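K.L.:
Below you will find the structure I want to go over with you.
The values are calculated or read from the model by the stated rules, or taken from the named source; none is laboratory data. Bear in mind that the values here come from a model prediction, so they are computed numbers and not experimental data. So basically every Cβ, Gly included, is an ideal-geometry build from the backbone, and we count neighbours across all protein chains shown. We work out accessible area using only protein heavy atoms, side chains counted, and drop any ligands, DNA or RNA first. Shrake-Rupley method; radii C 1.70, N 1.55, O 1.52, S 1.80 Å.
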Amino acid sequence: MFRREWRQQILVLTLLTVAVAAAIGSITLVYNTGVARNAEFGSGNTLLEFDGTDPRKLEAGLASAEEWFGTTDVIGHRSVVVPGGVETVDFRAQDPDGAYGGELLALRRGSYPKGRGQVAVTDGVAKLLRLDLGSSLALDGVRRTVVGIVENPRKLSDEFALVSPSSARAPEHVSVLVDANAASIDSFMRSLGDRSAFVGSVNRGNDLPADTLAMFSVATVFLLLASLIAAAGFAVVAQRRLRQLGMLAAIGATQKHLRLVLLANGGIVGAIAALGGTIVGLALWVAAAPTLESAVNHRVDRLSLPWGLIAMTVLLAVFGAIAAAWWPGRTVARLPVTLALSGRPPRPRPARYSAIAAAALIAVGIGCLALSNRDRPPLIVAGLVATILGCLLLGPLAIRTFSAVAGRVSIAPRLALRDLARYQARSGAALAAVTLALGIAATTVITASAEEAKATGEPPNLSNRQIRVYTGPSEAPELSPILASAQVERRAVRVRQLAAQLEGAAVLTLHNALQPGTRYLFIGGIRGLLPIGLARRVDTAAGRKFYRHESQLYVATPAVLRYLGIDPAEVDPSTDFLADPTVPTDELVVPSMTGREEFAVTNVQRVEVGQYLFGSPAGTTDLKPPMFITLDGLRRRGWKQIPAGWFVESSRPLTSDQIADARDLAADAGLTIEVRRESTSLAKAMAIATGAGALLALGILAMTVGLIRSESAGDLRTLTATGATSGIRRTLTAATAGALALLGALLGVAGAYVVLSAMYYDDLGYLSHVPVFYLVLAVIGVPLAGTAAGWLLAGREPPAIARPVIE
C-alpha cells in the first residue's frame, strides 16, 4: 500500500523530514550557543592581576608567581587613546605560543609580530583606524608595521593590537595565567604581602556542559510538531484506505491486523524521515555555523555535536511516527464493516471534551511555570508540556466555533469551513501543527525582542547620523579647556568643515553650566574646567556619602530649544530646569564644585527630550536623558555658561569612511569626537524565526489543504458538474487555507504569551516591548499568504467529473 500511495504520502514524508531536520539543527545550535568559559583564561584556570605603575613591584610579583607556580603565561596591557576620538585601543603584549594563552590568539591573515617594528591588529581595530597589512601604526608612540590580522577565537568581540613581549612599552597592568588549585592560590596571595603589585585573582570555575535540559526541551517540541504532522497525514491515509480496510475486515481481519497496517506505514515513513532529516539537519548546521559564530561571539567547532542526543532524537522520530499512526489506526479499526465500506469519515467527537481537557492542562501548566521561578527545570518542563498540549487541544473547539459562521457566507467559503469540521480529525491535528510552528516562532520573536529591549533599554549614546564634538582632550572629553575667543572660533570653523563633508548636516553649538570659583584641572596636558553635572547622592553604611553621575546638564539656548522642538515662548520665566518626564528630578542634586554643599533641582518644567541624545564619552549606558538649565535659571543661581562643543547631525547614516575622516580632522584641530557605539541587534534572529515559522506553517497548510480537498473530491466533482466555475474551486481551497492559518496564528501567538506571561508573572515589564511588526506578519501575513497560495494553485477542473475514483 505504501508503494502504491507514495505520491500521496510524499508531502507528509517531506514535512516529517523537515521537522526532524529542525529538531537536529536546533539541538545542535543550542549545544553550541553557550559562552566560551575560557575566553579570558585559555587553558589555565586562574587569572592573576598585577598593577604596572611601579616597575619594581611588578617585576617582584611576576618573579614570585613564576617561582611559586612554575609555569605562567604573562600578558601585558596598555590602553592608548585614539586621537580625535573617545575610543581606546588595548596594546597587548602576548606570546602566541604561551603555555596557557595560546588558545586566546588565532591568526586570520599575515603573521604574528616578531620585532619592535611589527604589530598585528584585530579586524575591529583595523576598521577603526583604517589599517591593512603593510599599514603603519604609531598610536603608542612607536612606529610599527601591521603584519597580521588576529583575533581571540574564544571572544570575537575582544579588540586589541598585538605586539611582541620583547618590544612592548611599560604595561599599565599585567594578567598572568596559571593552572593551580584554590589552596595554592590562597597560599601564594598570603606569601606576597606588600612587596609586589598584585591586585587580585579571578577563577574560571568548572566548565559546565551545555544545557542538556534546554536541548531536550527543544528536541521534544520539534518532535511533538513532527508527531502532529504525522497524525494529520496518517488520519488522511486511514480515511483513504477505509474501504480497503473494510474489505480486510470483511474477510476476517481482526482489529489488531487493521491497526498493524497503519503502524507499519508509520514505521516506514518515520524511518525514512528520520534518516533524511538527520542528513539535512547536519548539513544545515554546517551551513549555519559561520552565522552562529558572530551571534555567540566565539568560534565553533563544526564537529562539536551532541551525538547521543541526536541518536535519541532519531529513535524518538521513528517511534513518534508509529505512535502518530496508532490513534487513527485504532479509530478506523473499531468502525463497523458496513461504515468502513461506505467510505464515510467517523463522526467527530464533541469539542467540549477537548475544551475541558485544554482548560485543565493550561491551568496546570500556568501553575507549574509560575511556581518554577524560572530556575526549577522539572516544573518548567512540566509547565511547558502541559501548556502546549492545552493550547493544541483548543483546536477542535476553534474549528467548530469558526465553522459556526459558515451560514453567513457564500457557498464556497461555507463548504470550506464545514469541511474543516467534517474532517475534524485531520484538520484538528493540522491546526495543532500550524499552531505549534507559529507558536515556536512567536515565542522566539517575543523573547528576542524582550532581550533586545533589555540590552538597549537605556538610551544609546547617539544615533547613527550624529557626531558629538568635544573641546576637551581624549582623556577627558567633557573638560572645557581655557580658550581665547579666537581659538574657539577657529575650532568652530573646523567643525563646520567637518559638517560640510557630510550630506545635509546641521551644526548645533552646546554650552555647559559652570559654577564660579571652580578650580582648574590639568588633564592630558590641557588646563580646563569641569562643568556642572546632575548626580544622585548615595549614603553608605559607614555614614559617608558620595555622588553618582546620573545626567548631563546643558544650557537651554534658543538654538537648543528649537532643536528640541520647543518654542522659547512656551518656557515659563520662573523655570530653572527643563527635564524629560522620565527623569526623577526629586532624586537628583547638583554637587557644588567649590565646597561640600549641594544644590536642589527645583522649578522644573517637563518637556519631551528623551529621544534627543547628546553623547556619553565615558561609555556609560545607564545615564538618564539630558537636562537643561534655562538662561533665567542660570542667572538666578549665579552660574555661567561655557562652551561644551558641538553637535553635528547628518541627513543620512554615517559611513565608516566618513567617521574616520571626521576623527582625523578632529585630531588635527585638537578636538575629540564621539559616534554611535555598536549595539547588539536581534532583528536578524527575529526575522529568521518569523520566516522559518511561516514557511513551516505554510508547508503544513499545503499538506493539510491538499489532503482535505482530496477527501472532498466527490463534492468538487458534483459542484463542477452543476456549473461551478474555477473561481468557486479556488475559493474553496483559499478559504480552507486561510481559515486554518488564521486560527493557527491566533492560537500560536496567544499560547506564546500565555507561556511567557506565566514564566515572567513577577516581571511582566520584561514582555512590555511587543514586536508588533513580526507578530503582524504571523497573524496577518501568514493567513494572507496561505489564502493567496490556495487561490493560485487551485482551480483546475477534476479530470473525471462523471465517475468517482476507484481505489
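K.L.:
What FRET efficiency comes out for LEU784 versus THR14 if R0 is 22 angstrom and r is the Cβ-Cβ distance? Round to the nearest 0.05.
P.N.:
0.40
K.L.:
Excluding LEU462 itself, calculate the net charge of residues whose Cβ lies under 10 Å from the Cβ of LEU462, where each Lys or Arg counts +1 and each Asp or Glu counts -1.
P.N.:
+2
K.L.:
How far apart, in nanometres, would the label points at SER43 and PHE319 be if each is projected 7 angstrom from Cα along the Cα-to-Cβ direction?
P.N.:
Placing both labels 7 Å beyond Cα along the Cβ direction yields 4.1 nm.
K.L.:
Then there's this: Heavy atoms only, 1.4 Å probe, whole protein assembly: order LYS155, LYS545 by accessible area, highest first.
P.N.:
Largest accessible area first, the list is LYS545, LYS155.
K.L.:
On to the next question. Mind checking Rg over Rh on the range 1-160, alpha carbons, Kirkwood formula for Rh?
P.N.:
Using Cα coordinates only, the ratio equals 1.24.
K.L.:
Something else: What are the ³J(HN,Hα) values, in whole Hz, obtained from phi via the Karplus relation 6.51 cos²θ - 1.76 cosθ + 1.60 with θ = phi - 60°, for each residue of the range 441-448 in sequence order, with x given for Gly and Pro?
P.N.:
4, 5, 4, 4, 5, 5, 5, 4
K.L.:
Follow-up question, since we're still on this one. Determine the sum of side-chain charges near VAL589: Lys and Arg each +1, Asp and Glu each -1, restricted to other residues whose C-beta is under 9 angstrom from that of VAL589.
P.N.:
Summing Lys/Arg as +1 and Asp/Glu as -1 gives 0.
K.L.:
Using +1 at the Cβ of each Lys and Arg and -1 at the Cβ of each Asp and Glu in the range 151-199, identify which of ILE185, SER175, LEU162 lies farthest towards the dipole's positive end.
P.N.:
Comparing the listed Cα positions along the dipole, ILE185 ranks first.
K.L.:
Give the peptides 556-567, 635-646, 143-154 in descending order of average Cβ contacts within 10 Å, highest first.
P.N.:
Highest to lowest by the protection proxy: 143-154, 635-646, 556-567.
K.L.:
Counting pairs of alpha carbon atoms under 8 Å apart in space and at least six apart in sequence, what relative contact order in percent does the range 363-426 give?
P.N.:
24 percent
K.L.:
Here's a follow-up. List the GluC sites (Glu not before Pro) within the range 547-603 that DSSP assigns to loop and that have no more than 15 neighbouring Cβ atoms inside 10 Å.
P.N.:
GLU597
K.L.:
Further, regarding this structure: For the range 89-101, take each phi angle, set θ = phi - 60°, evaluate the Karplus expression 6.51 cos²θ - 1.76 cosθ + 1.60, and give the result in whole Hz per residue in order, putting x for glycine and proline.
P.N.:
Each residue of the range 89-101 in turn: 10, 8, 7, 10, 9, 8, 7, x, 9, x, 4, 10, x Hz.
K.L.:
Go ahead and run the numbers for FRET between THR53 and ALA363, Cβ-Cβ distance against an R0 of 60 Å, rounding to 0.05.
P.N.:
On the way: r = 63 Å, r/R0 = 1.05.
The calculated FRET efficiency here is 0.40.
K.L.:
Calculate, for VAL772 and SER157, the FRET efficiency according to 1/(1 + (r/R0)^6) with r their C-beta to C-beta distance and R0 30 Å; round to the nearest 0.05.
P.N.:
Working: r = 30 Å, r/R0 = 1.00.
According to the calculation, E is roughly 0.50.
K.L.:
Give, in nm to one decimal, the length gained when the segment between THR291 and ARG116 is fully stretched (0.36 nm per residue of separation minus the Cα-Cα distance). Each step should come with its number before you reach the end.
P.N.:
Numbers: separation 175, 0.36 × 175 = 63.00 nm, distance 3.65 nm.
That pair, THR291 and ARG116, stretches by 59.3 nm at full extension.
K.L.:
Check ALA505: other-chain or 5+ apart residues with amide H under 5 Å from its amide H, H built from backbone geometry?
P.N.:
Long-range HN contacts for ALA505: SER651.
K.L.:
In addition: Counting Lys +1, Arg +1, Asp -1, Glu -1, what net charge surrounds ALA370 among other residues with beta carbon under 14 Å of its beta carbon?
P.N.:
Neighbourhood net charge equals -1.
K.L.:
Which value in nm describes the separation of the simple spin-label points at ALA271 and TYR353, placed 7 Å from the Cα toward the beta carbon?
P.N.:
About 3.4 nm separates the two model spin labels.
K.L.:
For SER111, what residues show an amide H to amide H distance below 5 Å, using hydrogens built from the backbone and excluding near sequence neighbours?
P.N.:
It is GLY148, ILE149, by chain and number.
K.L.:
OK, next. For SER136 and ASN464, calculate 0.36 nm times their separation in residues minus their Cα-Cα distance, and state this gained length in nm to one decimal.
P.N.:
Gain on extension, SER136 to ASN464, equals 115.2 nm.
K.L.:
Leaving ligands and nucleic acids out of the surface, order MET627, MET759, MET247, MET189 by accessible area at 1.4 Å, largest first. Provide the component values of the computation, followed by the final result.
P.N.:
Working: MET627 0, MET759 30, MET247 110, MET189 65 Å².
The ordering from most to least exposed comes out as MET247, MET189, MET759, MET627.
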